[in-house]
Structure formats: structure tokens, C-alpha cells
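The values are calculated or read from the model by the stated rules, or taken from the named source; none is laboratory data. Small disclaimer: the values here were computed from a predicted structure and weren't measured. Counting neighbours? That spans all protein chains shown, and the Cβs are built from the backbone with ideal geometry, glycine included. Accessible surface areas use protein heavy atoms only, side chains included; no ligands, DNA or RNA. Shrake-Rupley method; radii C 1.70, N 1.55, O 1.52, S 1.80 Å.
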Amino acid sequence: MKPGTFSAILICLICASFTLHVAADPGFGGGDPAEAVDLNNRGLALYASGDLEGAEICFEGALEIAEGAYGPDHPNVATVVNNLGLSLRDSGNATGAKACFERALAIGERTYGLDHPMVATYLNNLGLVLRDMGDLPEAKRCFERALAIEEQAYGPHHPNVAINVNNLGLVLQEMGDLEVAKGCFERALAIDERTYGPVHPNVATDVNNLGGVLWEMGDLLGSKACFERALVIGEGAFGFDHPMVATTVNNLGWVLWEMGDLSGAKACFEGALAIGVTGRGTNDPTVATYSENLNLLLQDIGGAEVAQLCSEENSTAYGDAPGEMIARG
């Protein structure tokens, strides 16, 4: 079995919209801000529904209008650039997403200063794509800075703090600092339970990620309990065919496999694959991962069946009485 193949759940921060009452800058040549707002918000709706291509088209259109109305360095431009970055990241264009988040961050710092919550939003999202690209030290720096800003702005128990703590925990986990990562997930879970109650989707995210680090630390029972709880919450919140449910089912399958429950693991991997194919199609990288996990398990099951067959044949040939010796001629 391959270690570390569970699926973590990262949390991005979306800039929902920008305000209509900000008039276009007369120093720039054109564009109707109302049209930019409409395109941005349509893009958000498409992004939430999973239509990344449609969302990208809307955000690009909104960006062109916003730049024409406000100039290239306006905070409304940063809002659209951030949202475009999220769509590009989810589409697999990490380089494009990174450029978007860096631009949004630069505008935000110039507009609001270094310690504004909007700057923390851009830092969080930049940290996500840096993690995707394998630059863990820089991702960690982004999440730590975003966390400090959020704690100063909102206090230590705000749900935005939980988001940054969660994402910081994932980077620390990848860097091998499992104890500190575990503390991050436990802190995020406590904040979200206090804020939302015990059965909110954010709680499921925290519990899923806590289950992942417990698994890496060898606490299989604790990990299994976390994934089972996350699954119950996810199914209740989203239904049985949601991608987050597939993520948790896949993770539960890995734990059951390591605990020796091959039939339970098989059911989990088959369930995750079925959800993935229905929602994403057969060419999606996540679906490919679910398929690979199932194939690896089936190979293990096949090997176990062969081993059992050999054992039975040996038992028949040589006897299976306790303590019986096998004579060698």
C-alpha cells in the first residue's frame, strides 16, 4: 500500500463581488461597472456549479471591463483577478493562478496596507497554489502571514482563522511536522464546531483532515472514526453523490485496507469511483486516482486469495494438526 494517498480538503477564499456604487474612473476610457459586476457574479455561480470553463470566460470578461473602468490597479480589479485565479487553479493551470493571486496581492497591499483581511484572503489563495506547485516553504509563509492578519483582525476564534489554520496544517503535514499539523486541525475543528455546530460541512472538512494526519501517525482507529464522522456529515449536507463525499469515502477505504478489511475498502473505493465518474467523467485526474486505488486493492485481494489457496493446498498435502512435523526424505 502506498502511504500518504488520502485526499485532504483545502479551503479557498472567494471574493464574492464588488460594489456597484463605485463609479468608473473618468481617467480610464470605458467599460460599464454594472456589466463587470454581473459577469463576475455569473462567474461565481458557474464556479460553484463546477463549470470552470464558463466561470473563466465570465471572469476574463469582467476583468477586461473592470480594467477599462477603473484602471489596472484598482481593488475591484483585484477581486476579479482573485476569482479568475481560483478558476484557473481548479482547472489545473497553476502558473496562471499563481500570477493572478500575486497580482491581486500586490493590488491589495497597495490599497489596504500589509495587514488588511483582504490581503489575508489573497495570501491564503496564493498559499494554496504554491502548495499545489510543491513550494511548501513559501506556502507555509503565506498561510502563517494570513493567519496572523486574521487573528489580529478578528480574534483567535473566528471562522476565517479556522480556514487559515486548516490550510497551514496541511502544509505542515506534507513537510512531516505531524504533531503540529494535528494541533492545527484540532484547533480548526474546535473553532468550527463552536461557530457552526457539530454537523456543518466545514466541520466535515476539519474532521477529514484530522483523520488524514491521524492515519499518518498510525492511529487507525482514530482516523477511521474521523472519516466515518466526516462521511455522515457530508452525506447529510450534500447527498450521497457529492465530490466531498467521494473524497471521504476514498479516505475511509485506505484506513479499512490498512486495518485488513479488504471487502470494506473495496466497497469504499468502488463508491468513490462511481461518484467521481458520475460527477466528473472518466478523464478527470481525481477519478483516475480513485480508479488506481481500486486497482491496487484488487491486486492485493488477488494476492491474498492466491496466498489463501496456497495455504489450503499445503494444509491438504501435509496435514494441519497442531504441532505436526513434516518429514523430509
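All other residues whose Cβ lies under 14 angstrom from that of residue 153 are scored, Lys and Arg at +1 and Asp and Glu at -1, for a net of -2.
Here the Karplus curve 6.51 cos²θ - 1.76 cosθ + 1.60, taken at θ = phi - 60°, turns the phi angles of segment 190-200 into couplings of 4, 5, 6, 5, 5, 7, 10, x, x, 10, 8 Hz, with x standing for Gly and Pro. Averaging Cα coordinates gives a centre for segment 206-273 and one for segment 124-193; these two points are 22 Å apart. Under 5 Å between amide hydrogens, built in the peptide plane, is the criterion, and for residue 177 it picks out nothing among residues at least 5 positions away or on other chains. Accessible area per residue (1.4 Å probe, heavy atoms of protein chains only) ranks 46, 130, 298 as 298, 46, 130, with the largest value leading.
Checking the Cα-Cα distances for 140/182; 98/182; 182/266 against a 18 Å cut-off, the pairs over it are 98/182; 182/266. Count Lys and Arg as plus one, Asp and Glu as minus one, and take only other residues whose Cβ is under 14 Å from that of residue 264; the net charge is then -3.
What FRET efficiency would be calculated for the residue pair residue 116, residue 90, taking the C-beta separation as r and a Förster radius of 30 Å, to the nearest 0.05? Intermediate results must be reported in sequence, preceding the final value.
Numbers: r = 25 Å, r/R0 = 0.85.
FRET efficiency, residue 116 to residue 90: 0.75.
Between rounded, prolate and oblate, where does segment 234-284 land on the alpha carbon gyration tensor, with a ≥ b ≥ c its root eigenvalues, rounded for a/c under 1.5, else prolate if a/b exceeds b/c? Taking the square roots of the gyration eigenvalues as a ≥ b ≥ c, segment 234-284 is oblate.
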